[in-house]
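K.L.:
Below is a structure I'd like to ask you about.
Bear in mind that the values in this text are calculations on the coordinates, not laboratory data. Predicted model only: the values in this text are computed from it and were never measured. Counting neighbours? That spans all protein chains shown, and the Cβs are built from the backbone with ideal geometry, glycine included.
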Amino acid sequence: MLRKLRSSAGESMAEVMIAILVAAFALLILANMLIASRKIIAQSSEHEKKRTAEKSSVETFLATGEGDAADGAVTVRLKGADPTAGSKGQISVKIYTSDADDGLYAYIPAG
């Protein structure tokens, strides 16, 4: 090891080629990481746009009551309450769902 440090001779061709190979491999990994990152950012941006549009449509529905809504009922069960208490725990509501599969839901009292 000391002989190599004191030597004025250059690096061997094999050492240089291995160093270049390692550097090329590292750059290839970096390039793949950048490509994957761009794909994730694009998907995230698209998802955020859809979610913002859904939220806007739900807020419009809640503000105006206009939109495609279905009649329904929400059952409220309190912890420790008697489940045979009849329809006292039901509230009639209008239910709005967005078009997306994993969309948002909004409930407003009917009437």
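K.L.:
Could you check the simple spin-label distance between K50 and T97, using points 7 Å along Cα→Cβ, in nm with one decimal?
P.N.:
1.6
K.L.:
Within 14 Å, Cβ to Cβ, of A42, how many net charges do the neighbouring residues add up to if Lys/Arg are +1 and Asp/Glu are -1? Spell out each step's value before the answer.
P.N.:
Numbers: positive: R38, K39, K49, K50; negative: E46, E48.
Residues near A42 contribute +2 overall.
K.L.:
Given labels modelled 7 Å from the Cα in the Cβ direction, how far is it in nm from V16 to I41?
P.N.:
So the label points at V16 and I41 sit 3.7 nm apart.
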